[in-house]
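Structure first, commentary second.
We did not get these values from a lab; they are worked out from the coordinates using the rules stated. Computed from a prediction, not measured in an experiment: that's the story for all the values here. Using ideal geometry, Cβ is built from the backbone for each residue, glycine included, and neighbour counts are taken over all protein chains shown.
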Amino acid sequence: MVRGADARVDGDVLNADRDFLTFDVDEFNTWSIGGEWLFPVGNYIEGGAGIAFTRKTVPTVYTNLVNANGSEIEQELRLRTVPMAFTFRVLPLGQHTGFQPYLGGGVGLINWRYAESGQFVDPRDNSIFNDSSAESGTAAGPVALGGIRFAGDSIASGFEIRYQSAEADLPAPFAGTKIDLGGWSYLFTIGARFGR
């Protein structure tokens, strides 16, 4: 779940686009899939390294302008993120119990790509043209997480809530100068133990 419109960084491109395009920021909420390697550091602490993937395309139209024939001026906004996280977890009940609540945090690196494609309006003369713009990069920020794991001898399952925060600069011709990459993930987890 991306950060809401009222919580996004100043200059965020999605909020700037909403000045003239019709869409809601939460339309960028989507499914995530990923994997993580966890390793014990004693009985009560784990380290981890993981990677995930999300991508969402949101169709939109100009709010107050239409084509000469009355049809909508259509545009697509696409955001792809590949978050990589280096984390630690504290397990207050230890790793050798079946019920394992935990809290943790770390540092995230988010590889991202944002693109706008379709019909654009030239503000100088209101002419309409087809075009596309895209920018990509990698941004760093903090990660916080907490969850519950139900562990057997070799298989575990659980639920985790994770928050990441990061932002990146955007150049012209985008309407905003930044893109906010922060948000929440609500995860169902499945794990397998290799070795003892």
Simple Cβ-charge dipole of the chain, Lys/Arg +1 and Asp/Glu -1, about Cα centre, in debye nearest 20 | 1100
Per residue and in Å³, how big is the convex hull formed by the alpha-carbon atoms of segment 5-192?
-> 112
Average projected area of the Cα convex hull of segment 100-195, in nm²?
-> 8.6
Measuring from centroid to centroid over Cα atoms, what is the spacing of segment 1-58 and segment 129-184 in Å?
-> 3
Cβ under 13 Å from Ser133's Cβ, Ser133 left aside: what net charge do those residues give with Lys, Arg +1 and Asp, Glu -1?
-> -3
So if we plug the beta-carbon distance of Lys56 and Ala192 into 1/(1 + (r/R0)^6) with R0 = 25 Å, what FRET efficiency do we get, rounded to 0.05?
-> 0.30
Selection from Val107, Asn69, Val90, by position along the positive dipole direction of segment 50-108 (Cβ) = Val90
Length gained if Thr138 through Asp10 is fully extended, taking 0.36 nm per residue and subtracting the Cα-Cα distance, is 44.2 nm
Asp24 to Trp184: extension gain in nm, 0.36 nm per residue of separation minus the Cα-Cα distance?
-> 55.9 nm
Relative contact order for segment 5-192, counting Cα pairs under 8 Å that sit 6 or more residues apart, in percent = 19
